[in-house]
Amino acid sequence: MFRLRTRLYIPRQIKRWLPTSLFGRSLLIIVLPVAVMQIAVTWAFFDAHWETVTSRLSEGLAGDVAWAVQTYKDDPSPQALDKMAERAEESMSLSIALQKGRKLPTGQRPSLFASLDRSLRTALEDRLDDPFWFDTTRYPGHVDIRVQVKEGVLRIIAPRDRAFATQGHIFILWMVVATLLLTAVAILFIRNQVRAIERLADAADAFGRGIDQAAFKPHGAREVRMAAQAFLAMKARIQRHIEQRTALLASVSHDLRTPLTRLKLEIALAEPSPQLEAMARDLSEMEHMIDEYLAFARGEGGEEAREVLLRPLIEGVCEGAQRAGARVELSIGDDLTAILRPQAFKRALANLIDNAAAHGETVRVSSTAAPAGGVWIFVDDDGPGIPEDRHEEAFRPFNRLDESRNQNEKGVGLGLAIARDMARGLGGELTLQRSPMGGLRAVLRLPG
């Protein structure tokens, strides 16, 4: 069990650090194997070739140093030392000098490449019996080697390329440049492919909010173009279905209005009576129901979404509700704007206010800017409210929650469904909460 948990935990931890975007993941798929290959090739080069060449060079330099020390020991006279130094300078590029009475240094600065010092130390230990000291960091282009002799310290300055393979950094530079060039090319190509997917996502999001991007055309790789063409075909089918449904319901509404009009005319011409008044109320409710059916099916889809100032629209809706007898309080800023369809928004807000007024004494409409952008609109009432576990049920069409809310005199339970459909069509949302006034709060979020 512990092993299973460990196996599940490790991939989850690794996944947290992986990029989440398609661009990042595609770039990782391309660049990571190349980087691993470059590292492996570099390691193999230094391990199999560079260190071998360096060790051979170090052995050659150590042999020359041993020859110089042995030659000096055979004849330590100044004339012999000068002659040996001249010969070493001409044939081996070595600078040799005797520091009389000196001792070897006790400290040594660490080199950036420890393997270089290790190769030279091994070679000198194999060829010299005398104590020695060397430094590969003091002079950029030379190596300082000192050997303890009887008269003092024999100092030998050798070119750095005689001890080490100094062209290794060129190989690393080319590898880094090649990796950067490959990464740049990969970024350009992947960015171009991802842009096509982003355009498709923007077009789908805009269509979901009721905005028709007529200029959208399939771009990118074959698979992306296939997805874009499938989206366009789906979009056409949905639009055709909406148009057919709207036309059908409009025809039904027109056909029903004709007999309703005749009945209303007959009732108006007949002698007044309680039965006729009841029949008139039934006809009025039937007409209102037909209007709700048509509005729910149409979804105000023919109206273009645009950025509008909210206060005039909300004031107009509230004034209409007040004329109908509702007690409405308004609190909204003067400069709040949102992207919406004005007529659809007014109908949705009117449904929310009418719903609140039907179940409470007072309705309060307020608005504020959302922290993440957009606008929040709150419609509160002081009615009995709806239990929290039935908030989602209240949005179902034809559901009026008779057990928790009073029965409407009119309507078929489509007010909240129409309002949520409008909000979601614009990329927003409609939710229900407990109101600070004690009743129900409808929270309408709209994009800014």
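The values are calculated or read from the model by the stated rules, or taken from the named source; none is laboratory data. What you are looking at is a predicted structure, and each value in this text was computed from that prediction instead of being measured. Every residue, glycine among them, receives a Cβ derived from its backbone with ideal geometry; neighbour counts consider all protein chains shown. Please note that ligands, DNA and RNA were not included when accessible areas were found on the heavy atoms of the full protein model with its side chains. Shrake-Rupley method; radii C 1.70, N 1.55, O 1.52, S 1.80 Å.
Values computed for the structure shown
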{"item": "Every residue from segment 122-136 that is among the acidic types (D, E) and either modelled with pLDDT under 80 or touching a strand residue (DSSP E or B) at 6+ places or on another chain (Cβ under 6 Å) (or both)", "result": "D130, D135"}
{"item": "T106 vs. criteria open to solvent by 70 Å² or more (accessible area, probe 1.4 Å) and either among the hydroxyl-bearing types (S, T, Y) or at pLDDT below 80 (or both)", "result": "yes"}
{"item": "Residues of segment 177-186 satisfying the condition of being open to solvent by 60 Å² or more (accessible area, probe 1.4 Å) and either touching a Cys at 6+ places or on another chain (Cβ under 6 Å) or touching a residue at least 60 places away in the same chain (Cβ under 8 Å) (or both)", "result": "L182"}
{"item": "Every pair of residues 6+ apart whose Cβ atoms lie under 6 Å, when the first sits in segment 366-381 and is at negative phi while the second is aromatic (F, W, Y)", "result": "S366/F378; T368/W376; A370/W376"}
{"item": "Condition check for Q213: surrounded by fewer than 17 Cβ atoms within 10 Å (Cβ to Cβ), closer than 29 Å to L340 by Cβ and among the polar types (S, T, N, Q)", "result": "yes"}
{"item": "Options I190, I170: the member that is modelled with pLDDT under 85, open to solvent by less than 30 Å² (accessible area, probe 1.4 Å) and closer than 30 Å to I30 by Cβ", "result": "I190"}
{"item": "Filter pass, H254 being touching a helix residue (DSSP H, G or I) at 6+ places or on another chain (Cβ under 7 Å) and at pLDDT below 85", "result": "no"}
{"item": "Among residues of segment 397-416, those that are assigned to a loop (DSSP other than H, G, I, E, B) and at pLDDT 75 or above, counted", "result": "0"}
{"item": "Any pair with Cβ under 6 angstrom, 6 or more apart, that starts in segment 189-203 at a residue that is more than 11 Å from V224 (Cβ to Cβ) and ends at one that is open to solvent by less than 70 Å² (accessible area, probe 1.4 Å) and part of a helix (DSSP H, G or I)", "result": "I190/F23; I190/S26; I190/L27"}
{"item": "Filter result for P384 (assigned to a loop (DSSP other than H, G, I, E, B), open to solvent by 20 Å² or more (accessible area, probe 1.4 Å), under 30 Å from A204 (Cβ atoms) and modelled with pLDDT of 75 or more)", "result": "no"}
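Residue-wise test of (1) surrounded by 15 or more Cβ atoms within 10 Å (Cβ to Cβ); (2) in a loop (DSSP other than H, G, I, E, B); (3) at pLDDT 85 or above.
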site	(1), (2), (3)
G24	no, no, no
P33	no, no, no
W43	no, no, no
F46	yes, no, no
W67	yes, no, yes
Q70	no, no, yes
L81	yes, no, yes
L120	yes, no, no
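Matching residues to (1) assigned to a helix (DSSP H, G or I); (2) free of Cβ contacts under 8 Å to residues at least 24 places away in the same chain:
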{"position": "A247", "(1), (2)": "yes, yes"}
{"position": "A250", "(1), (2)": "yes, no"}
{"position": "H254", "(1), (2)": "yes, yes"}
{"position": "T261", "(1), (2)": "yes, yes"}
{"position": "E266", "(1), (2)": "yes, yes"}
{"position": "P272", "(1), (2)": "no, yes"}
{"position": "Q275", "(1), (2)": "yes, yes"}
{"position": "E285", "(1), (2)": "yes, no"}
